[in-house]
Amino acid sequence: KAGVTQTPRYLIKTRGQQVTLSCSPISGHRSVSWYQQTPGQGLQFLFEYFSETQRNKGNFPGRFSGRQFSNSRSEMNVSTLELGDSALYLCASSLQGQGYTGELFFGEGSRLTVL
Amino acid sequence: KNQVEQSPQSLIILEGKNCTLQCNYTVSPFSNLRWYKQDTGRGPVSLTIMTFSENTKSNGRYTATLDADTKQSSLHITASQLSDSASYICVVKGNQGGKLIFGQGTELSVKP
């Protein structure tokens, strides 16, 4: 059974640009959550999607957005990039989502560097 | 406010030694607590889950404990190996559809 796949694994952008990250969950999983991880802040919750609907949202500015497609694949977009957006962006899939006791299965992340 | 605090922030031990990582939480009502291991450059992987009624659970050389009264959990690693070098993250879930609350993690380094 294939795991969670995130693309791209590494990318470098400059301030003001935008970026789109992709996440393919484990087959059969309908929930996809996104997290930002930085050395000083740990894992910060961005948003969760379930069956194409945003179910939960963290405390991030509107520059961070996401969506989920009918095949459960998800994308997140960051517009007008700032230096502080440099981080590892992790995607996690689960059968039912954060509101249940199920385990989160994480991808290997997309490492974004903003210059 | 629902919070999860882990200690120590970082830890260096020699190969073969034991160590214990701590996780204190204020999440209420409580549903479960998971320990994740995150190797450098990889995503976190679940080690174990603790529910309200469980006190101790082992996964190989990893043993997690939970004291729901004091809202504390620990992760004990026995006979550490170089491959145990990683970040260990404690994640607590509140009851009734509650969100997941993440600790900041403990960075463990096992030296030869």
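The values are calculated or read from the model by the stated rules, or taken from the named source; none is laboratory data. Predicted, not measured: the structure shown is a model, and the values here were computed from it. Cβ atoms come from the backbone with ideal geometry, glycine included; neighbour counts cover every protein chain shown.
Values as computed for the structure displayed
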quantity: Given (1) touching a residue at least 24 places away in the same chain (Cβ under 8 Å); (2) more than 14 Å from chain A (Cβ to nearest Cβ); (3) surrounded by fewer than 17 Cβ atoms within 10 Å (Cβ to Cβ), index of the condition B:ASP69 fails; calculated: (1)
quantity: Hits in the range A:1-25 - residues which are basic (Lys, Arg), modelled with pLDDT of 95 or more and not in a strand (DSSP E or B); calculated: A:ARG9, A:ARG15
quantity: Counted residues, the range A:3-45 - those being within 24 Å of A:ASN56 (Cβ to Cβ), among the hydroxyl-bearing types (Ser, Thr, Tyr) and within 12 Å of chain B (Cβ to nearest Cβ); calculated: 5
quantity: Residue list for the range A:72-89, restricted to those being closer than 13 Å to A:SER22 by Cβ and within 14 Å of chain B (Cβ to nearest Cβ); calculated: A:TYR89
quantity: Any chance A:GLY97 is more than 23 Å from B:SER31 (Cα to Cα) and touching a residue at least 24 places away in the same chain (Cβ under 8 Å); calculated: no
quantity: Residue selected from the range B:100-112 under the condition over 13 Å from the mean Cα position of the chain (by Cα) and crowded, with 17+ Cβ neighbours inside 10 Å, by the criterion nearest to the other protein chains (Cβ to nearest Cβ); calculated: B:LEU100
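Here's the yes/no breakdown for (1) at pLDDT below 95; (2) crowded, with 18+ Cβ neighbours inside 10 Å; (3) away from every other protein chain (no Cβ under 13 Å):
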position	(1), (2), (3)
B:ILE13	no, no, yes
B:LYS17	no, no, yes
B:LEU21	no, yes, yes
B:THR26	yes, no, yes
B:PHE30	yes, yes, no
B:TYR36	no, yes, no
B:THR40	yes, no, no
B:PHE52	yes, no, no
B:THR56	no, no, yes
